[in-house]
Amino acid sequence: MRVERERAEAVATAALEAHGITPADAATTAEVLVSADARDKQSHGLLRLSRFVRGIDHGNVDPAGDIEVVRDAGAAATLSGGSRLGPVVAREAVGEATARADDYGIGAVGVHDTNHLGMLGYYTDVVRQAGYVGIAVTNTEPAMPPHGGADPILGTNPIAVGIPSDPPFNLDMSTSSIARGTVLRARENGETLPEGVALDADGTPTQDPEAALNGVIRPFGGVKGSGLAIAVEILAGGLVGAAMGTDVTGTYHTEDECTKGDLFLAIDPEALGGGGFTDRVNEFVAELKAGDTAAGFDEIRLPGESSTAAADAEAITVDDEVWTDVSAMADAE
């Protein structure tokens, strides 16, 4: 169904407020979730709200937690999120990173004691729009085996990179062959998964979302995706004082404390290459898009180009059952 964006944000905000979240934090979180739906990223949109609420009800989200800098090294800092909602902590971390980039040319901010932050590319888009290069990584509960393994040790561990270019470049990708949120949405909608993206609990390839959730998701590109997932596990986990591997909990099973971490970087382009960065990037982007298209394609698009263009949509598409659940949580019709 189509829902006006303003109404979707209001209902999602009311749902969070009904579960003890402050109006400001509820509005921030609702905006992040609805923004994902506007970008046609329903796997990280309002579908996630019920999990956020369950985390609150289980006591693993602290509406009054303190977000504070626990380590300050000039251009680098570490935040404790005080177990507040992930989008609220992530917005604070992004602001901290860009402020340090103003002072030092680069800002690197690690985060622990936080919760699931929604769509990672949302935050690099914020950094990109402010004129910086943005890089973000986060780790998640185990869902993937390392290349050559069978046991889930790695998260789906997304990576996002935002560049202030025209048209915009905003890469947002998991290191798995399919995002866990996409598997969840397929289960909710009674859909099957593409071939080759998941194994069931017995290690047999499956297209059944339920079997995949009880089994493992495969890394994309075999050893390459596995290698990137391991790197993210270390950068977003061990480097910032958060958990890694099988010690990561709470991003999917919200009855458990969330132990994952995040790392956000903001880079002032002039600090490295001097002036003219945007012009140089735009010329390169124009060259990319001007190339001949391959069979079956009518244009060349940058990562995130279409979703960023849709970010300001006035209405969003929401699965009927998801909207019913969100409305019920908000006690709204």
Restrict the check to the stretch 270-290 and report whether at least one residue is among the small types (Gly, Ala, Ser), open to solvent by less than 30 Å² (accessible area, probe 1.4 Å) and without any contact (Cβ under 8 Å) to a residue 60 or more places away in the chain.
yes
Has the stretch 204-213 got any residue that is over 26 Å from residue 306 (Cα atoms), within 20 Å of the chain's Cα centre (by Cα) and open to solvent by less than 30 Å² (accessible area, probe 1.4 Å)?
no
Filter the stretch 76-104 for residues that are crowded, with 19+ Cβ neighbours inside 10 Å, assigned to a helix (DSSP H, G or I) and not small (Gly, Ala, Ser) and give the result.
87, 88, 89, 91, 92, 94, 96, 98, 100
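Could you say whether any residue in the stretch 288-302 is more than 27 Å from residue 50 (Cα to Cα), among the charged types (D, E, K, R) and in a helix (DSSP H, G or I)?
So in the stretch 288-302, the residues more than 27 Å from residue 50 (Cα to Cα) come out as 288-302.
Then keep just the ones that are among the charged types (D, E, K, R); that gives 289, 292, 298-299, 301.
With in a helix (DSSP H, G or I) added as a condition, the list becomes 289.
Among the residues of the stretch 288-302, at least one is more than 27 Å from residue 50 (Cα to Cα), among the charged types (D, E, K, R) and in a helix (DSSP H, G or I), which makes the answer yes.
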Restricting to the stretch 166-178, name every residue that is in a loop (DSSP other than H, G, I, E, B), at pLDDT below 95 and surrounded by 21 or more Cβ atoms within 10 Å (Cβ to Cβ).
174, 178
Checking residue 107 against (1) open to solvent by 10 Å² or more (accessible area, probe 1.4 Å); (2) touching a Lys or Arg at 6+ places or on another chain (Cβ under 8 Å); (3) at pLDDT 95 or above, only one condition comes out false. Which one?
(1)
Sole miss for residue 191 among (1) touching a residue at least 24 places away in the same chain (Cβ under 8 Å); (2) part of a loop (DSSP other than H, G, I, E, B) is condition (1)
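Is it the case, given these coordinates, that residue 231 is within 24 Å of residue 261 (Cα to Cα), of a type in the set (A, V, I, L, M) and surrounded by fewer than 16 Cβ atoms within 10 Å (Cβ to Cβ)?
Here the answer is yes, as residue 231 does meet what is asked.
Kindly indicate the residue of the stretch 30-71 that is among the basic types (Lys, Arg) and part of a loop (DSSP other than H, G, I, E, B) and also modelled with the highest pLDDT among those meeting that condition.
Our first condition is that a residue be among the basic types (Lys, Arg); within the stretch 30-71, this holds for 39, 41, 48, 51, 54, 71.
Keeping just the survivors that are part of a loop (DSSP other than H, G, I, E, B) gives 39, 41.
Values: 39: 94, 41: 91.
If we take residues in the stretch 30-71 being among the basic types (Lys, Arg) and part of a loop (DSSP other than H, G, I, E, B), then 39 is modelled with the highest pLDDT.
The values are calculated or read from the model by the stated rules, or taken from the named source; none is laboratory data. Just so you know, these numbers come straight off a predicted model, no measurement behind them. In this analysis, Cβ positions are derived from the backbone assuming ideal geometry, glycine residues included, and neighbour counts consider all displayed protein chains. Only protein heavy atoms, including side chains, enter the accessible area calculation; ligands, DNA and RNA are left aside. Shrake-Rupley method; radii C 1.70, N 1.55, O 1.52, S 1.80 Å.
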